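Readers should treat all values here as calculations from the given coordinates under stated rules, not as data from a laboratory. Keep in mind the model is a prediction, meaning the values are calculated, not measured. Virtual Cβ from ideal backbone geometry, glycine too; neighbours counted across all protein chains shown.
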Amino acid sequence: MSAPLAGLKVLDFSTLLPGPFASMLLADMGAEVLRIESPTRMDLLRVLPPHDRGTSASHAYLNRNKRSLALDLKKPAAIEVVKQLVAEYDIVLDQFRPGVMDKLGIGYAALKAVNPQLIYCAITGYGQTGPYKDRAGHDINYLALSGSSAYTGRKDSGPLPLGLQVADVAGGSLHGVIGILAAVVKRQASGQGDFIDISMTDCAFSLNAMSAAGYLAAGQEPEREGHALNGGSFYDYYQARDGQWFAVGSLEPQFMQQLCAALGKPELAKQGLDQRPEVQQALKAAIAEAFAEHDGSHWQQVFAPLDACVEPVLSFAEACKHPQLKARELTQSVPLKAGSSEVQTQLACPIRFAEPLPAARFAGAALGAHGAEVLAELGLTEVQIAQLRADKVLA
């Protein structure tokens, strides 16, 4: 099939997680992605453990299907190469702090002058404006400032480091892809490019969703274990006798009735809809007591045939083997190099179309692996490419 984004060309200046995850999704869906990397300042993702056959597993995954061109952007000749590339590319993805690309001479204004149809997406911690625009941060900081950390976790132990990079991925990466694809549609109608300002903090703030609606419209401040979905009701995790945890989401009456019958406590079902805190806490205690009477294997057998919104908490290794996730083919074998018989198992793209996406061509490439190939496509001769290497413009 022709992949949905076949024909789109992306210049990716990003590192670590947010930008690379976004450009990986674009590449999975058929876009041609070229990473512009520094030959002197390594993307730390390249050395992040664990390693598989000497290569960071995270880097190999996040940079699959992407070519790599290593340019020293502090050298004028490198800037000229970028401008030549931009004339032929649709999208630039930038993850530097605001103003860095402008200082290099390849910010949006400079590149738009080369290609007026260019779509430029900048993913940053705090956005292009505001008093924090130049401030450093990580996922945990963006979640803290967005208000969401204040009502996650437990009252007696405080907020939790989630493990998932919510602000980075659900915030920066996914919103970046949404913005890029919206700009592509707009360009099809207008012929004009666009600048997309993605702040991971902004996006994390918007992910507050229902809690934000409750506060902004009704003045109800979300608190830790203070509402039905964050531990303030029976909607929670419960531990079996052997330590196995179970997620109970039996909110609707028909699910609550099945839950309570399975636990041998059908009389509890009527308490499910009573949102008084004292009732919910008593209900939680009764459910916890029931789960603690048997091992996890018992409860898995009990709930497997029921449609009660109760599932075991799986390790990632167990999730990989779960029949539902296996049926959805959420992992794939990716050649370590194009055409290689050596493969690495990676997460697959979760977006499904009527026809399957093309198979992944190769895992994340070595630094500058495609430099000569890319420059030759621009029309540079072997002598010119050799001179760029001699001048340390190109790695």
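The ellipsoid equivalent to the alpha-carbon distribution of the chain has semi-axes of 47, 25, 18 angstrom, derived from the gyration tensor eigenvalues as √(5λ) and listed largest first. Ellipticity at 222 nm from helices only: DSSP H runs of n ≥ 4 in the chain, each -39500 (n - 2.57), divided by the residue count, give -10000 deg cm²/dmol. Volume per residue for region 236-312 equals 72 cubic angstrom (convex hull of Cα atoms).
For trypsin sites (Lys or Arg not before Pro), the sites in region 290-373 that DSSP calls loop and that have at most 11 other Cβ atoms within 10 Å are 352.
Considering only beta bridges that DSSP places wholly inside the chain, some 40 percent are antiparallel. Find how many whole Å separate the alpha carbon centroid of region 4-33 from the alpha carbon centroid of region 234-277. Spelled out, the Cα-based centre of one part sits 43 Å from the other.
Working note: Karplus 6.51/-1.76/1.60 with θ = phi - 60° gives region 51-65 the couplings 10, 10, 6, x, 10, 4, 5, 5, 5, 4, 6, 5, 10, 5, 6 Hz, where Gly and Pro are set to x. Rounded to the nearest 10 degrees, the inclination of helix 209-218 to the longest alpha-carbon principal axis of the chain is 70 degrees. Treating cross-link reach as a plain straight distance, find the aspartates and glutamates whose alpha-carbon is under 20 Å from the alpha-carbon of residue 9, omitting any fewer than eight places away in the same chain. Here the aspartates and glutamates satisfying the reach criterion relative to residue 9 are 28, 32, 37, 80, 88, 90, 94, 194, 197, 373, 377.
Structure note, pairs 133/321; 284/321; 74/112: Cα-Cα distances above 32 angstrom occur for 133/321. Between the helical axis of 76-86 and the longest alpha-carbon principal axis of the chain there is an angle of about 70 degrees.
The value for region 48-195 of Rg(Cα) / (2.2 N^0.38 Å) is 1.25. Kindly state, to the nearest 0.05, the FRET efficiency for residue 341 paired with residue 6, given R0 = 25 Å and r defined as their beta-carbon distance. Efficiency, from the Cβ-Cβ distance: 0.45. For the pair region 86-120 and region 170-225, the centres of their Cα atoms are 22 angstrom apart. The Cα atoms of region 125-183 give a gyration tensor whose axes a ≥ b ≥ c have a/c of 1.5 or more with a/b no greater than b/c, which makes the shape oblate. Please identify, among 344, 188, 117, the residue showing maximal mean-square fluctuation in a Gaussian network model of the chain using a 10 angstrom Cα cutoff. Maximum fluctuation in the GNM of the chain, among the listed residues, is at 188.
Across region 124-133, computed HN-Hα scalar couplings (Karplus, 6.51 cos²θ - 1.76 cosθ + 1.60, θ = phi - 60°) run 9, x, 10, x, 8, 9, x, x, 9, 4 Hz from first to last residue, x flagging Gly and Pro. Applying 0.36 nm per residue to the separation of residue 281 and residue 185 and subtracting their alpha-carbon distance, the gain on full extension is 29.6 nm. Restricting the calculation to Cα atoms, every distinct pair contributes to the Kirkwood radius of region 1-108, found to be 14.5 Å. For region 254-328, the set of GluC sites (Glu not before Pro) satisfying both a DSSP loop assignment and a count of at most 16 other C-beta atoms within 10 Å is given as 293.
When the chain is treated as a Gaussian network with alpha carbon springs shorter than 10 Å, the biggest mean-square fluctuation among 357, 164, 69 belongs to 164.
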